[in-house]
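Reviewing the structure listed below.
The values are calculated or read from the model by the stated rules, or taken from the named source; none is laboratory data. Small disclaimer: the values here were computed from a predicted structure and weren't measured. Note that we place each Cβ from the backbone using ideal geometry, even for glycine, and neighbour counts take in every protein chain shown. Ligands, DNA and RNA are stripped out before the accessible areas are found, and what is left, the full protein with its side chains, is counted by its heavy atoms. Shrake-Rupley method; radii C 1.70, N 1.55, O 1.52, S 1.80 Å.
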Amino acid sequence: MEKILGAPGRYIQGPGALAHLGKYVAPLGKKATAVISQTGKARVGDAIASGMKDAGVEFEFFEFGGECSMNEINRIMASAKAFGSDVILAVGGGKIIDAAKGAAYYMDNAPVGICPTIASTDAPCSALTVVYTDDGVFESYLFLTTNPTFVLVDTAVVAQAPSRLLVSGMGDALATFLEAKTCVAKNADNFLGGKSTMSALTLAELCFRTLISDGLKAKLALDAGGALTPAVEKVVEANTLLSGIGFESCGLAAAHAIHNGFTAAEETHSYYHGEKVSFGVVVNMVLENYPTDELEEIIRFQKSVGLPVTLAEIGITEPDEGKLRAIAALANAEGDTLGNMVVPVTDEDVYNAILAADKLGQSIA
């Protein structure tokens, strides 16, 4: 089987980049639908409107309903078709991005531009949409045929978001190299239907090393009033580009499957994707019996930036056996990414690993 690496057509990152959005949209079409939240519109709507006007692009704002479900994807499509849009834009976080990518896919692969206003997930660069029910329970992966046409990240905007969002992105990105190594060892298929390239695995490792070296510095910079420092720029790139290419072109394993399992526990729904993945990282290490020194290094990093490493830190303060077994079973569902583990695991293995991970998170200072 061939090796395949996927990436966006163009990646743009820097302070003030959003003001130039129209320049990248104009060659793609005359009209655009920009999927955005109400708060996102208040933050960056004027900058988008000004840039699009200067480029001669007509556009509409579409207010996102809050969940990346098929119903929401269909709502976006209906609005875009009624407006006559040639291009779909996503302005915001992971679920907005995934919903916009899904809508563009069903509109005969219309060009799609991704403008993250936070660096909380690695969704922007991938040809993948994670579909949930209207109630926020994981439903399926939608595999797209193309990566986004472009990804534009205005780091001045990202730096003004709460540091918790950047840290959540670190949790998502922290899993990338761990899961990539597992998939390469298993010779598993990646999300593009091929095998991993050396380049993808190297980018995944660079992502991990960047987080360890610059993650805490970036978090503290945002805590200091949204200071945009070189460390912040590096972590934004790691969370967005390096993790995006790394996960898609290498594959996922236990950490993200555990996240999907947590969608069955209502008390976790108020926590961000990367926060739940962060606990999944610990479970991943338990299942693979990581050496103690590596395990301690990673958990201490997670704690230093405020990433969850215990069940209580993602809302499960009363972890009864039935609930944890249900999470383990959903995480280990057929077709999810626990199937990429080198040694096959049972629901019982996953349940025991969740218990052990929680205790490790509590015990390592």
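Averaged per residue, what accessible surface does the stretch 189-299 expose to a 1.4 Å probe, in Å²?
34 Å²
So who's got an amide H within less than 5 Å of the one on LYS31, skipping anything under 5 residues away but keeping other chains? H placed 1.01 Å off N, in plane.
Residues meeting the amide H criterion: ASP86, VAL87.
Using a simple charge model, +1 on the beta-carbon of Lys and Arg, -1 on the beta-carbon of Asp and Glu, nothing else, what dipole does the stretch 232-365 show about its Cα centre, in debye to the nearest 20?
Rounded to the nearest 20 debye, it is 200 debye.
Using the Cα centre as the reference, give the magnitude of the dipole from point charges on the C-beta atoms of the chain (Lys, Arg: +1; Asp, Glu: -1; all else neutral), rounded to the nearest 20 debye.
1180 debye
So how do 145-156, 352-363, 254-265 stack up, highest first, on mean other-Cβ count within 10 Å?
254-265, 145-156, 352-363
In whole Hz, what ³J(HN,Hα) sequence does the stretch 341-354 give by Karplus (6.51, -1.76, 1.60; θ = phi - 60°), x for Gly and Pro?
Once θ is set to phi - 60°, the couplings for the stretch 341-354 become 5, 4, 9, x, 10, 9, 4, 5, 4, 5, 4, 5, 5, 4 Hz.
Would you please report the Å³ per residue occupied by the convex hull of the alpha carbon atoms in the stretch 134-240?
Hull volume normalised by residue count: 141 Å³.
Put +1 on the Cβ of every Lys and Arg and -1 on every Asp and Glu Cβ in the chain; which of HIS20, ILE258, GLY94 then has its Cα farthest towards the positive end of the dipole?
HIS20
Considering the dipole of the stretch 200-252 built from charges on the beta carbon (Lys and Arg +1, Asp and Glu -1) around the Cα centre, which of ASN239, THR202, ILE212 is farthest to its positive end?
ILE212
Packing-wise, with mean Cβ within 10 Å as the measure, how do 192-199, 117-124 rank, highest first?
Per-residue Cβ counts within 10 Å, averaged per peptide and sorted highest first, yield 117-124, 192-199.
HN-Hα J couplings of the stretch 288-299 from phi, Karplus 6.51/-1.76/1.60, θ = phi - 60°, integer Hz, Gly and Pro as x?
9, 6, 4, x, 4, 5, 5, 4, 5, 4, 6, 5
Please give every one of the aspartates and glutamates within straight-line cross-link reach of LYS3, meaning a C-alpha to C-alpha distance under 16 Å, and leave out same-chain neighbours fewer than 8 residues apart.
By straight Cα distance, LYS3 reaches ASP189, GLU248.
When the helix-only estimate is applied to the chain (DSSP H runs of n ≥ 4, each -39,500 (n - 2.57), divided by the residue count), what is the mean residue ellipticity at 222 nm, nearest 500 deg cm²/dmol?
Calculated mean residue ellipticity at 222 nm is -16000 deg cm²/dmol.
Apply the Debye scattering formula to the stretch 248-336, with a single equal point scatterer on each alpha-carbon and no solvent, then give log10 I(q)/I(0) at q = 0.14, 0.23 Å⁻¹.
Here the Debye-derived log intensity ratios amount to -0.48, -1.23.
Could you compute the FRET efficiency for GLN160 and THR346, with r as their C-beta to C-beta distance and R0 at 35 Å, rounded to 0.05?
0.15
Quick check: from the Cα gyration tensor, does the stretch 1-42 come out rounded (a/c under 1.5), prolate or oblate?
Prolate is the answer for the stretch 1-42, as a/c is 1.5 or above and a/b outweighs b/c.
Checking the cross-link filter: which lysines have an alpha carbon closer than 28 Å to that of LYS276, excluding same-chain neighbours under 8 positions apart?
Within the straight-line limit of under 28 Å, LYS276 reaches these lysines: LYS41, LYS95, LYS101, LYS181, LYS186, LYS195, LYS217, LYS219, LYS234, LYS303, LYS323, LYS359.
What shape does the stretch 47-180 have by the C-alpha gyration tensor, where a ≥ b ≥ c are the square roots of the eigenvalues, rounded means a/c under 1.5, and otherwise prolate means a/b greater than b/c and oblate the rest?
Oblate is the answer for the stretch 47-180, as a/c is 1.5 or above yet b/c matches or exceeds a/b.
If packing is taken as the mean number of other Cβ atoms within 10 Å per residue, what is the order of 307-317, 218-228, highest first?
Ranked by mean Cβ neighbours within 10 Å, highest first: 307-317, 218-228.
In degrees from 0 to 90, rounded to the nearest 10, what is the angle of the helix 273-287 Cα long axis to the longest principal axis of the chain?
The answer is roughly 30 degrees.
So who's got an amide H within less than 5 Å of the one on ILE12, skipping anything under 5 residues away but keeping other chains? H placed 1.01 Å off N, in plane.
Close amide H contacts, sequence-distant or interchain: VAL151, LEU152, VAL153.
With a 1.4 Å probe and every protein chain kept in, tell me what percent of the accessible surface of the stretch 1-67 is carbon plus sulfur.
Carbon plus sulfur share of accessible area: 49 percent.
Which whole-Hz ³J(HN,Hα) couplings does the stretch 241-253 yield from phi under the Karplus relation 6.51 cos²θ - 1.76 cosθ + 1.60, θ = phi - 60°, glycine and proline marked x?
In residue order, the calculated couplings are 7, 5, 5, x, 5, x, 6, 6, 8, 10, x, 10, 9 Hz.
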